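The values are calculated or read from the model by the stated rules, or taken from the named source; none is laboratory data. All values derive from a computational prediction rather than experimental measurement. Using ideal geometry, Cβ is built from the backbone for each residue, glycine included, and neighbour counts are taken over all protein chains shown. Remember, those area values only see protein heavy atoms, side chains included, never the ligands or the DNA or RNA. Shrake-Rupley method; radii C 1.70, N 1.55, O 1.52, S 1.80 Å.
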Amino acid sequence: MVCAHQVPPGLPAAAGRACLRPEPPRPLRRSGFLMQQDIFAALRARTVDALRGLLPELPEDAFSRVVVEPPRDASHGDMATNAAMVVAKQAKLAPPKLAADLAAKLAELPEVAEVAPAGPGFINIRLKPEYLRAQLPVVLAVGEAYGDGAPTGRKVNVEYVSANPTGPMHVGHCRGAVVGDGLANLLAKAGHAVTKEYYINDAGAQVQALAWAAWWRYVVVAVRRDPAAIKELASWLGDLTESEAWVVANSEPDGGIVQLVKERIEEHFETKLQYGGNYLVPVGEALWNEFGSSMLTPNDSSLGTIRSFTVAAMMKEIRADLAALGVTHDVFISEAEVVAAGKLDEAEATLNAKGLLYRGILEPPKGKTPDDWEPREQTLFRATQFGDDTDRPLRKSDGSGTYFANDIANHLHKIERGFDELVHVWGADHGGYVKRMKAAVAALSDNRVSLDVVLTQIVHVLKDGQPVRMSKRAGSYITLADLIDEVGRDAVRFTMLTRKADAQMEFDLTKVVEQSRDNPVFYVQYAHARIRSVLRAAGEPAVADLAGADLSALTDSAEMALIRRITTWPRVVEGAAAAREPHRIAFYLNDLASDFHMLWNRGREDATLRFIRPEEPVATRARLALLAATGAVLRSGLQVMGVTPVEELRDERKGDSAEPG
RNA sequence: GGACCCGUAGCUCAGCUGGAUAGAGCGCUGCCCUCCGAAGGCAGAGGUCGAAGGUUCGAAUCCUUUCGGGUCCGCCA
């Protein structure tokens, strides 16, 4: 599931190993250094060890705030730590004094070249270049598995998309799909056992309305295919006015009776027939082919059949759309089945046993009172005990379950399946729903299971800087399939992850296919293509061979900068996963690509820095090792994002030169 | 009335859960192709981090207040 991309042809087969769930990173020794994936974590451990030696009387938790990170300003060195500052108070020492002592200790470490206390108690660390270079074989050894966290043993359920099965997916769903899939991949890479889940809302009134709409499409087909259908429909219509009777009596196929049926359905719902889109036309056909004229007089049972038939048809389309996006869920959960399995009753009994349910009347919402407000007694859940603003209804006044109640059932089901963490990706319009759901999960699991909700903001689709209207009524409705057709799957996925989820974003159909620096999709792909180009030109050296290369020729500042960037990948993964922010991966890849392009251009200015120099085989081999490692990290990140790394860029700008401007 | 999210360069956005002189792209100015992909790169200019208080060694980041923008607020999901 995390292996959405293919191993590019031409890469050694060994690179494909990343698609297996990697083994926990095992320290190995090479070049005299202990090899670990995250050198920042390694140095942090060293730092805390040193602190313990200096301050044996301090409790272990005194060190919890110690951070070893890349300094903002590269001139300060390779790493910086706040260690002296964060423990100084508890140690009753002045930070600069402690920093000086700690610095002396750190200077003895084999990895470290130079240590300098600075400012209010920072310690800047300069690593030995050979230690940094020694990370390249680590990367080459594990390939795209570089950055994988050690297995955490945590079972995490990520639920996303969950579009109502009432029509094809549109761009609004797309962001949630991409963010959810990227987040799930990210959490898996960080070491969690992830289940990707889709919750099918197939139990509500909207689905019922969908069934009626599908039935109407079926009627249209029936009248055309079977002359006797009109008579049977007339009996379903019941009491007819004189003019209606005339319409029925004189109805031709496609004639007025179809409209009469529509009006009657709309009366039934006191609204317009929903889901008027053409996508239900094939469903009407299929219903006719499947059931013939037997559905002409709908009742609860036959309508139930139509409903599940229609939902199945919609889900088939949705799954096809998701597949086109490269999104695959492990589990599809049906709301109706969860309820049918008794989870709603079970959840209610559980909450009741905890004394968290009562009969009561809610206050009307202030400021904006609905016209038809009346106080009504309902079954309420004490959400306020878990941080919500008000208690929440579980049952409607007619006794049936609210959506919230069904969702509680769904979450109980998840908890029973043994998940430790639940993660949802919702549209921001569901933001008001987060607190009550957290409250419910806390109540049902006695605070054992956490619920995190990532909200995604609206996407404004633009073309050439002009907004594209997405009104169903106007018919210019952009489906997900249209979007993928227009700009391609990789562009959709990457672009959707170049913004924090909870920030509105503009998606310009023109820009995301533009091949230039300001299109990060292209920029990162370009870096990968260039790397592959060099490796092809160098005759595809084996990764295992490069891993054994003498790297001492890598001395240029641009080469070292690229190595440093590579070494931060594990902590980027860890941080992004902890924050539930997959967009950080996109930004990291952009930075990594930038470091690479910079190095590339150094070779243009200074021929001695070119990657392939036949007269210097040792330096060439070292540089190819650096490139192979960079490529592996690029692929590692693209894999999380679900974007295919390309071998080469095709020139798709054909015709551009013919156009003026 | 209340809840949640967002205010950072002219524009679009990052800012690694409290660190040092706040960053990137676009746009603007000036440079770099005898070359493994110039579809790139370098340099310059551009900021009271919406505002005001507070917490502490230290705040764009945390707290309070306030001003703008968005989303939502009992029987829709």
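Quick rundown of the values:
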item	result
All positions within segment A:504-529 that are within 6 Å of RNA strand B (Cβ to nearest atom), under 21 Å from A:Ile458 (Cβ atoms) and open to solvent by 30 Å² or more (accessible area, probe 1.4 Å)	A:Gln504, A:Glu506
Test: residue in segment A:585-596 that is near RNA strand B (Cβ under 6 Å from one of its atoms) and open to solvent by 60 Å² or more (accessible area, probe 1.4 Å)	yes
Checklist (1) closer than 17 Å to A:Leu356 by Cα; (2) modelled with pLDDT under 85; (3) open to solvent by 70 Å² or more (accessible area, probe 1.4 Å) applied to A:Asp446, failing item	(2)
Strands (runs of 3 or more DSSP E) within segment A:307-382 that include 1 or more residues more than 15 Å from RNA strand B (Cβ to nearest atom), out of contact with any Leu (no Cβ under 6 Å at 6 or more places or on another chain) and under 30 Å from A:Ile484 (Cβ atoms)	A:331-334
Pairs where the first residue, in segment A:395-413, is more than 10 Å from RNA strand B (Cβ to nearest atom) and the second is charged (D, E, K, R) and open to solvent by less than 20 Å² (accessible area, probe 1.4 Å), C-beta under 9 Å, 6+ apart	A:Ala409/A:Glu335; A:Asn410/A:Glu159; A:Asn410/A:Glu335
Filter pass, A:Leu551 being crowded, with 19+ Cβ neighbours inside 10 Å and closer than 18 Å to A:Val646 by Cβ	no
Residue check, A:Tyr160 of a type outside the set (A, V, I, L, M, F, W, C) and under 15 Å from the mean Cα position of the chain (by Cα)	yes
Some residue of segment A:101-110 being within 37 Å of the chain's Cα centre (by Cα) and not assigned by TED's automatic domain parsing to the domain that holds A:Leu562	no
Selection status of A:Val261, at pLDDT 85 or above, part of a helix (DSSP H, G or I) and not small (Gly, Ala, Ser)	yes
Qualifying residue in segment A:164-174 (condition: at pLDDT 95 or above and assigned to a strand (DSSP E or B))	no
Residues of segment A:577-590 satisfying the condition of being in a helix (DSSP H, G or I) and in contact with a helix residue (DSSP H, G or I) (Cβ under 6 Å, 6 or more places away or on another chain)	A:Ala577, A:Arg584, A:Ile585, A:Tyr588, A:Leu589, A:Asn590
Sole residue being open to solvent by less than 50 Å² (accessible area, probe 1.4 Å), more than 10 Å from RNA strand B (Cβ to nearest atom), in contact (Cβ under 8 Å) with a residue 60 or more places away in the chain and not hydrophobic (A, V, I, L, M, F, W, C), chosen from A:Thr567, A:Thr498	A:Thr567
